[in-house]
Each structure stands twice: as C-alpha cells, then as structure tokens.
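One structure is given here, and the rest of the page talks about it.
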Amino acid sequence: MPDSGAAPPPAPGIKGDVREARAHDSAVQQVTGKARYVDDIPKPPGLLSLYIAMSDRAHARITSLDLEAVRRAPGVALVLSSDDVPGTNDIGPVVADEPLFAEGEVLFHGQPIFAVAAESEEAARRAAAFASVEYEDLPAHLTVEDAMAAGMDLEPEQVMARGDATSALKNSPRRLTGTLTIGGQDHLYLEGQVALALPGEDNDVHVFSSTQNPTEVQHLTARLLGIPDAAVTVEVRRMGGAFGGKETQSTIMAAASALAAMRTGRPVECVLDRDDDMRMTGKRHDFIAQYEVGYGEDGRLTATHFALASRCGHATDLSFAINDRAMFHADNCYHYPAVRIASRRLRTHTVSNTAFRGFGGPQGMLAAERMIDEVAFELDRDPVDVRLANLYADGNRSLTPYHQTVDDCVAGALITELMDIARYRERRDEIDAYNAASPVIKKGIALTPVKFGISFTTKHLNQAGALIHVYTDGSVHLNHGGTEMGQGLMVKVAQVVAHEFQIDIDRIKVSSTRTDKVPNTSATAASSGSDLNGMAARNAAQTIKERLVAFAAESYGVSSEAILFEGNHVLIGAERLTFAELVKKAYLGRVSLSASGYYRTPTIDYDRAKHRGHPFYYFAYGAAVSEVAIDTLTGETRVLQTDILHDVGQSLNPAIDLGQVEGGFVQGMGWLTSEELVYDDNGVLRTHAPSTYKIPTAGDRPLRFNAELWASGRNKVQTIHRSKAVGEPPFMLAISVFSAITHAVTAAAGGKVFPKLDAPATPERVLMAIEDAKARAAGVDGVNA
C-alpha cells in the first residue's frame, strides 16, 4: 500500500496508536528490576566464566608466551590464544586488521592476548596471573600529532570539495585561522559488555550478546570458528545502553565465549568489569580540527577550508565511515560558497576507536560552530546573526560540500521561534550587564543549531526486515532486525503495527532480536532504527492485512473498499467483527497469517571515491540556547538554563522522543565539559572507572531545562508516518554549552580576544583559556597603547 503521508489521528478505543505518548515497553520491568539482560539469564548447568587477559604494553613484540601454569591452575577448564582459533583470528568489521587474540605483537595497552575459561570468574582471573609473557618494547605512537609525524595514515587523505576554496580565500575581504582540539569519550553504558554462549549439536552455537549488531556478531563469530553463518544464532532482547559502543566491540566477548563453548561443550559467559571494559573497548575518536575561513563585513562566509585529523587506534574498525561523517557535518546548517574539507585518519597504538552517538558528526559540527563564533567575535556581532546569515537556502545556497541539495532546511524557522521562546536577545543584554558588574563569576549564552543527515552512508546498510505472526486469538508476534538499547525502538515499532491492524498495543508481543528469525540485518545505528524497522514491520503487517481484506471481501461478497479496520474491530459492509473473530475465520479459510516485511531506503547514492552524491535521505534539525556561569578562580562551570526546540517530524511517540532529546543533550554536555580520557606516556588509560572518568550526574543537568518537540515538524519525504530520526541529532545540541562557555571566557578577558578553549572544557582548560586570553589581551592593550 502506498504511503499517503501523515497518519490520521488515533481512532477512539485504540491503545498505543502512533502519535500516542506512551511509556517504554520495558519501563515497569526496568524500574522493578525484572527486566532481563544477558547476565540475568538463569545460569545453565556447567557454566564456565571467561576472563580475557590483556597486554600491559602499548606496542611490543611478544618474545615468549608461556600459559602452562595457567592451564594447571585450580578450576581452569580451557585456555585460549591465537593458536586455538580454528577459523580466522580476526574480528575487523570492515578491514581484516583486528585479531581477536594478539599474534606475536601487541598494538595497544589492553589488547586481548589470551582467555581463561574456569569454574568461576575469580578462578579465571587468578589463573591468568600465572601467565609468563615476555616483551620486546617497540616505538609507540600514541597521539594524533605522533601519528601524523610518522605518516601512520589508515588510508590516503580524503578530500571533499566544491568550488575553488584556495582562490576564494585569497580574494576574501577578511580571513582568520583557528585550531580546536576535541577530546574522545567513553560510552559508559550501564550494562557492560557481556555474552553467553550455549553450544548445540552439529557444531551449532547460540550466543546471547549485548550487541547493536547481531548479524555482524554472527558473521564474525562464524568466521572465527570456521563454520557457516547459519550455524551461529545471535540473540538480544535488550541492552542496558550502547551509544555505538556495542556496534562492533561486542564481537570480542561473543566470539571468545563461542570459541570456548565449542571447545569445551559447556556454556560460557564473559562479563567484563568496568575497568577492563574501558581499557579493552574503543571510544569516540578525538580530533584536531584546523580551519581557515574567508568572510565579508556582513558576516557572510566566502570560503572555508577545514583540515581534520583523528586518532583511530590500532585497527580500522569503522573509522573510515566515522571520519567521512565528520566531513559531511563540517557544514552543519551553513552554506559554504567555496569549500575544501580534508581528513586524515591516523593509526595509533591505542584502543581501536569506534562508533559513538553522532558517529563523527559532532566533531565536524563542533569545528563549524567554533569557526562561526570566531567570525562573529572578529566582526563584533551577535553569533546568532552570523549563523542566520549563512544558513542553507533555496537556489544557489542549497548545495552541500558533497553536492547534495538541501531542500528541507527549517533551521531558520527553528532558530527564530526558539529565540522568542528563550528570550535570547534580552538575556544576552542582561548577561553583558551582569558581567560588567561581576569580577569573579562570568556568564555566557549561545544559540547553536543542528542539521544531521539521516541514513547509513554505506548504501547497502539502508535495509531492514521484519517478521509478523498473527495467532488465531488475534494476538500478534512481532520480530524485526532492530535492537533495543533503551531508546524505545520496540514500543515505537509496535505502535506502527498496532496502527496498521487497529488493535490495542497490548495485543502485540515483541520478541528478542534473533538472527534465525530476521537474517542479514544492519546494526541499530545511524539513528535509523525506527525509519528502517518501522517501515519493514508496517510492510509485513500490510501483507497480512491485505490477505484478511481479500478473504473478508470474498466471504461476505463485498468490495475491499467496504472493509475498514477500526477500534479493535473490522467493519465488513454491514457486519462488524472483532479483529480476533476475523483472524479465526481466516485461519479456518486457510489464509496465511504470517508474513515477512522488507524495506530499503530510496534515493541513496554516494560515490565515496569522489565524495559526491546523495548520502542522506533527509536531515533532522534542532536548536538549543544554553546559559552558563564560570568561576574565574577555579574554572568550574555550571549550566544555568537550556532551552531546546527539536524537529522530529510527526513523532511516533512524543514521550520517547522527548526523552531522547533530553538524554542526548546531557550526554553531549558531558562530552564537552567533564568527560576526559587521559592516557599516560606509556599508553595506559588512567581514567578507566567512574571514579576518575566523570560523566554528568543528575546534579549537573541545567538548573532550568526546557525541551520541546517542534510542533510544526513534518518530514517532506516518505518516512514511517512522516516522523524523523531522533537518536543522534540531539547530542549536538550540547554544542550550545561549549559556545556559551566560550562567551563567558571571552568576558573574563575583557572581551578583547577570542579564547583558545579546547574540548572538553574542564575546569583546568577553562582556567588555562582565561589566563591565555588575559595575557593576549594585555598584549593587545600594549600594542594599542
């Protein structure tokens, strides 16, 4: 059935139709502790615990590895190393450069070397300590700068361009250059990495994994074991958070557990504690972003050149796509008349960095917003005015650096509406007056927009499948390829199915995501979970619905147009049956009540070799105003107020979507203010626990926090009921906090120089930026004198 656009208002009597603000389907189980995660599955008889032993060198040759004492230790059932892998000892998701167990050389501090399966986790850990490992240390390149100097690029420098930026820069009325260092971020999901493997007959294995990507875990585990994909079943009912950290990294635990289960014939569980998890698994990529920009007195940009470089870690993982997305979002909402974006992806002797909410987009967008802030400072203009002057518009201001036309830009309308809601102009004047009278505490305010491209930029990933069974009592079993990590995907897809059948949502049972039900699925990532799986489930439901309509029309001698599904009933001409009654009749009439559904995103086309094309189906937009205060004596910051207006199109579930907006913002705020990854000179991660790695707490949220979904939102393209993705875009609303801190630091130096503030803006960095700005301001005064 073709999509006619937006769904009609909910029919009376339907519980859980689309548009209804409904609680998460697992909310009650979660708050009562009844929700089952992998480690909550009842322990099967004979369970072994697996401990993964890690390297204590950043880069070294293994000259000797003696595990005999480990094997003889009490309670040990099996010891595994690279020599024990029957298939391919590699779990690289894109490029085969990531061994599960080190082979002769270790490439980062924390790299798995061997694993111990024992009767308990304590026994496994104690046994691992008996290993004798001898190393020959090798040079370690730990930072972006080290890797750049050594030429350790994972691939040749990538360039995205439109027009002649070099010539345009030379001819620009004004120019400036800037550099911004952007830190990484740990996912710190509530549920750590965990897997449980159950051996079956005929070399089959069933793996319960806390993963966003069951199909990839299936395929890589099968490759490691040397068995067909069909012999591995991967299942996940829910995760206790993921944020991208379980898109590829969960394979480590799943594959190692499956290997141990196959070798011992016993169930095996691997549960990482927090310290090991943070050492062993990848983070958000840290970046160095340099920009050179040309602009006019009116604030309009004339030419832009970005040079981006990121720390990718020892293996490729998803770094190509992540850095590509940083390039895609270095424009944010702004049209660059002439632009060149260059990107280097550096191999370092640190953990392999990986997907994280926003997938490179936040780093590119932060560089763009810093550049706009600096242009506004140099022109002595309100940064919002410079932002408004450079927004995408129709005609010759609609083409991105990758040559996709932006034909849905609502950023201007969002910004204008939010400015009124938040009293932005008045508050900026009030803050200027406050700063003039306050010698120690300085305030800042900023409004920043978001334009985030929705789709996997790897074309073949933009597809999804679903499976629906309708039982003779009218209840429905729903399965699809998406995974639940707390974002509310399952309830939203169930609402889609409830709408199609016009039945209460409590008649729909959502089951675990399993590779033996819906095969060859994409990761639940790229904010596309509802878009892809919602459409696939709708298509499956419509297939069954069409069969029911055809059966009813034939049975009652009416046209199909005379049949209406409404309020848990089906109207068939003058007859009125319950949904369950029609289903039972259809079954007796030998009508199939099971169907698979499939969906693939249209109009996606991108030539990566040329960095040109149409990589995104549409864009999601939002805007935030944040006000902060800083203590110029300690560098401490506080977010006083945040006002958000975010576009989710026509929301499938406003309660779920608003929660994503608020949560995404707070997580982004943590990335830009308090979450700091610190490695020492030996490549050891020193911030590997919540005691030293500071995520935002409830007390760190803005004192006044106002978030709204944009009432005027509607998707121009045919997404599921004209909704828009909401998982990642709100994360970047937190850039408003970083820009507001920049404004406050500027005030601390008398407003005379633009501060050199890097991210995260920790108290130490804020203090250093203030002192540097004051010193440079004194130099400016001296010159002026």
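The values are calculated or read from the model by the stated rules, or taken from the named source; none is laboratory data. Quantities reported herein were computed from a predicted structural model and do not represent experimental measurements. With ideal geometry, Cβ positions are generated from the backbone for all residues, glycine too; neighbour counts draw on all protein chains shown. In case anyone asks, the SASA skips ligands and DNA or RNA and just uses the protein heavy atoms, side chains included. Shrake-Rupley method; radii C 1.70, N 1.55, O 1.52, S 1.80 Å.
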- Please name whichever of L196, A230, M160 sits farthest to the positive end of the charge dipole of segment 142-230, dipole taken about the Cα centre and charges placed at Cβ: Lys and Arg +1, Asp and Glu -1. M160
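Based on alpha-carbon atoms only, what is the radius of gyration of segment 532-655 relative to the globular estimate 2.2 N^0.38 Å? Walk me through the numbers on the way to the answer.
Numbers: Rg = 25.5 Å, N = 124, 2.2 N^0.38 = 13.7 Å.
With N residues counted in segment 532-655, Rg over 2.2 N^0.38 Å equals 1.86.
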- With each pseudo-label sitting 7 Å past Cα toward Cβ, what's the D229-T472 distance in nm, one decimal? 3.6
- Quick one: which residues, 5 or more positions from M239 or on another chain, have an amide H under 5 Å from its amide H? H modelled 1.01 Å from N in the peptide plane, none for Pro or chain starts. E484, M485, G486
- Query: Taking the simple approach of a point 7 Å from Cα along Cα-to-Cβ for both R174 and D681, what is their distance in nm?
  - Reply: 4.4
- GluC sites (Glu not before Pro) restricted to segment 81-166 and DSSP loop, no more than 13 other C-beta within 10 Å: E157
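Can you list which of the trypsin sites (Lys or Arg not before Pro) found in segment 412-450 are DSSP loop residues with at most 16 other C-beta atoms within 10 Å? Spell out each step's value before the answer.
Values: sites: R423, R425, R427, R428, K442, K443; in loops: R423.
Here the trypsin sites (Lys or Arg not before Pro) that fit, given the DSSP loop and packing criteria, are R423.
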- Counting Lys and Arg as +1 and Asp and Glu as -1, each charge on the Cβ, what is the dipole of the chain about the Cα centre in debye, to the nearest 20? 1340
- For S120, distant residues with modelled amide H under 5 Å away: S49
- A chain fully extended from R701 to A562 at 0.36 nm per residue, minus the present Cα-Cα distance, gains in nm 44.7 nm
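Report Rg(Cα)/(2.2 N^0.38 Å) for segment 625-707, keeping two decimals. Walk me through the intermediate numbers first.
On the way: Rg = 16.0 Å, N = 83, 2.2 N^0.38 = 11.8 Å.
Relative to the rule-of-thumb radius for its length, segment 625-707 sits at 1.36.
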- Any idea of K43's accessible area? Nearest 10 Å², probe 1.4 Å. 100
- Just tell me, in residue order, which DSSP H segments of the chain are both 30 angstrom or longer along the helix axis (alpha-carbon based) and at least -0.5 in mean Kyte-Doolittle hydropathy. 529-556, 763-784
- Task: With a Förster radius of 35 Å, plug the Cβ-Cβ distance of V159 and K716 into 1/(1 + (r/R0)^6) and report the FRET value to the nearest 0.05.
- Result: 0.70
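Which trypsin sites (Lys or Arg not before Pro) in segment 563-655 pass both tests, a DSSP loop state and at most 16 other beta-carbon atoms within 10 Å? Let's see the in-between values first.
Numbers: sites: R576, K584, K585, R590, R600, R608, K610, R612, R638; in loops: R590, R608, K610.
Those satisfying the criteria are R590, R608, K610.
Rolling a 1.4 Å sphere over the protein heavy atoms, what is the accessible area per residue of the chain, to the nearest Å²? Could the numbers behind the result be given before it?
Working: 28320 Å² over 785 residues.
With the other protein chains kept in place, the chain gives 36 Å² per residue.
For segment 119-222, what is the charge dipole size about the Cα centre, in debye to the nearest 20, if Lys and Arg each add +1 at the Cβ and Asp and Glu each add -1 at the Cβ?
1040
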- Item | Spatial separation of Cα centroids for segment 734-772 and segment 345-377, in angstrom | 18
- Query: How much solvent-accessible surface does V549 expose, in Å² to the nearest 10, with a 1.4 Å probe and all protein chains in place?
  - Reply: 20
- Message: Give me the one-decimal nm value for the distance between modelled label points at Q30 and D84, 7 Å along each residue's Cα-to-Cβ direction.
- Response: 3.7
- Note on the structure: Binned at 5 Å starting from 0, the alpha-carbon pair-distance distribution of segment 81-230 in whole percents comes out as 1, 6, 9, 13, 16, 14, 12, 8, 6, 5, 4, 3, 2, 1, 0
- Item | Rounded FRET efficiency, nearest 0.05, which uses the C-beta distance separating S132 from T603 and R0 of 45 Å | 0.15
- Item | Over segment 506-630, relative contact order from alpha-carbon pairs under 8 Å, at least 6 apart, % | 22
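Please tell me the relative contact order of the chain in percent, rounded to the nearest whole number, where contacts are Cα pairs under 8 Å and at least six residues apart.
In percent, rounded to a whole number, it is 15.
Quick check: residue separation of D380 and D40 times 0.36 nm, minus the Cα distance between them. What number comes out in nm? Working shown, then result.
On the way: separation 340, 0.36 × 340 = 122.40 nm, distance 5.82 nm.
Taking D380 through D40 to full extension adds about 116.6 nm, to one decimal.
When the helices in the chain are scored as -39500 (n - 2.57) per DSSP H run of 4 or longer and the sum is shared across all residues, what 222 nm value do you end up with, to the nearest 500 deg cm²/dmol?
Values: 19 runs with 234 residues, N = 785.
When only DSSP H runs of four or more count, the value is -9500 deg cm²/dmol.
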- Item | Reachable aspartates and glutamates, given that their alpha-carbon falls under 14 Å from the alpha-carbon of K451 and they are not under 8 places away in the same chain | D331, E369, D407, D408, D647, E728
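Using only Cα atoms, what Kirkwood radius does segment 250-326 have, in angstroms?
Details: mean 1/r = 0.0601 Å⁻¹.
About 16.6 Å, per the Kirkwood formula over Cα pairs.
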- Shape call, segment 78-167: gyration tensor on alpha carbons, a/c limit 1.5: prolate
- Query: Can you work out D for segment 7-135 in µm² s⁻¹ from Stokes-Einstein, where Rh is the Kirkwood radius over C-alpha pairs, the temperature is 25 °C and the viscosity is 0.890 mPa s?
  - Reply: 133
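What number in nm² do you get for the chain if you take the convex hull of its Cα atoms and divide its surface by four?
On the way: hull surface 141.0 nm².
Averaging across all directions leaves 35.3 nm² for the Cα convex hull.
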- Starting from the Cα-Cα distance between V440 and N520, subtract it from 0.36 nm times their residue separation and give me the gain in nm to one decimal. 23.0 nm
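Please give the FRET efficiency for S512 paired with K752, using the beta carbon to beta carbon distance and R0 = 51 Å, rounded to the nearest 0.05. Provide the component values of the computation, followed by the final result.
Numbers: r = 60 Å, r/R0 = 1.18.
Efficiency at R0 = 51 Å is approximately 0.25.
Considering all projection directions equally, how large on average is the shadow of the alpha-carbon convex hull of segment 203-334, in square nanometres? All intermediate terms of the calculation are to be shown ahead of the outcome.
Details: hull surface 44.2 nm².
Projected over every direction and averaged, the Cα hull of segment 203-334 covers 11.1 nm².
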- Query: Classify segment 400-528: rounded, prolate or oblate, from the alpha-carbon gyration tensor (a ≥ b ≥ c, eigenvalue square roots; a/c under 1.5 rounded; otherwise prolate if a/b is larger than b/c)?
  - Reply: prolate
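Taking the Cα centre as origin and putting +1 on Lys and Arg beta-carbons and -1 on Asp and Glu beta-carbons, what dipole magnitude results for segment 533-622, to the nearest 20 debye?
Dipole size: approximately 400 debye.
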- Task: Report, ordered by chain and residue number, the aspartates and glutamates lying within cross-link reach of K694, taken as a straight Cα distance under 12 Å and ignoring same-chain residues fewer than 8 apart.
- Result: D186, E675, E676
- Sorted by chain and number, the residues with a modelled amide H under 5 Å from that of E98, at a separation of 5 or more or across chains, are I91, G92
